[in-house]
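Note sheet for the following structure.
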Amino acid sequence: MTSSIKGKVALVTGGSTGIGFATAQRFASEGAKVAIANVNVERGEEAVGKIREAGGEAIFIQTDVSDPAQVEAMVNKVIETYGRLDYAFNNAGIAGDLGPIHMATPENFERVIAVNLTSVWTSMKYEIQHMMQNGGGVIINNSSTAGGRAMPGMSAYIASKFGINGITKTAALEYADAGIRVNSVMPGPVETPAIQGLREKMPGADERFIAMTPLKRIADPSEIANAVVWLCSDEASFITGTNFPVDGGMLES
């Protein structure tokens, strides 16, 4: 994979923890220059420090992805620093509050949609503009198995992830002629801060997730990162418009 990734520029939103950080590390290990975007400055700078300590090249860009102006500035900062954008992993997201629809608040729904879905659309808007000028690129959006199956109590989250899969397919069709491939990944349960939060809100969450997963375990973030970076590489050059499960078989169960 190194031959096609080395020297390229990758942007990872939500890149300071969990799947995002594992992906930023994998890009850097393959020789890419990495821009980590995150709303939390301390965690973002810590993530960049770890990549640099390992010999990689990375910058941090403080970004609230729910703010379109900050998203535009984020992409512009990547171009200003590295002169190009080859890969983007639109990963930032939140779980939101859990509960049935009749007890949910409009504020929670709107917040989850803004962070998880609208931000992906906005990020693609500005990423694609630069990729079109640069002769192409690859965008991967982070969806979820919740983008392919219903789960009680997670209506806002599920709506956002189904939406990501839809706009991914649309963008793939719109920009194939421009040399831009667009796919999403659909992780199953992964050992991240988000799943740690679910453990606190949902007693027995681990047992439930493991029971739903044919491989009978929770994934390491690096396993999702491997799929993301592979989809960006030339080894996946004929793949676009795909919602790619990395879920231990959950969607087939």
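Bear in mind that the values in this text are calculations on the coordinates, not laboratory data. Values in this document were obtained by computation on a predicted structure and should not be read as measured data. Please note: Cβ atoms are built from the backbone with ideal geometry, for glycine as well, and neighbour counts cover all protein chains shown.
Spin-label model, Arg199 to Ala176: label points 7 Å out along the Cα-to-beta-carbon direction sit 4.3 nm apart. Between Leu11 and Ala35, Tyr87, Ala88, Phe89, the built amide H atoms are under 5 Å apart, and every one of these is 5 or more places off in sequence or on another chain.
Summarised in one figure, the compactness ratio Rg/Rh of region 2-252, Cα atoms and Kirkwood Rh, is 0.95. For region 52-69 versus region 75-106, the inter-centroid distance based on Cα atoms is 13 Å. Counting Lys and Arg as +1 and Asp and Glu as -1 over every other residue whose Cβ lies under 12 Å from the Cβ of Phe209, the net charge comes to 0.
Angle, helix 18-29 long axis vs. longest principal axis of the chain, Cα atoms, 0 to 90°, nearest 10? With both axes taken from Cα atoms, the answer is about 20 degrees. Principal-axis analysis of the Cα atoms of the chain puts helix 41-53 at an angle of about 60° to the longest axis.
Taking 25 °C and 0.890 mPa s as conditions, region 205-250 diffuses translationally at an estimated 205 µm²/s according to Stokes-Einstein applied to its Kirkwood radius (Cα pairs). Dividing the radius of gyration of the alpha carbons in region 1-131 by their Kirkwood radius gives 1.02 for Rg/Rh.
Across the chain, the relative contact order, built from alpha-carbon pairs under 8 Å that are at least six residues apart, equals 20 percent. Taking other Cβ atoms within 10 Å as a rough exposure proxy, Phe109, Phe209, Phe89, Phe238 sort from fewest to most as Phe238, Phe109, Phe209, Phe89. More than 16 Å apart: what percent of Cα pairs in region 170-231 qualify? The proportion of pairs with Cα distances above 16 Å equals 58 percent.
Going from the residue with the fewest nearby Cβ atoms within 10 Å to the one with the most, Glu30, Glu200 rank Glu200, Glu30. Against the chain, whose longest principal axis is taken from its Cα atoms, helix 155-175 shows a tilt of about 30°. The value given for region 103-240 is a Kirkwood hydrodynamic radius of 16.3 Å, derived from the mean inverse Cα-Cα separation.
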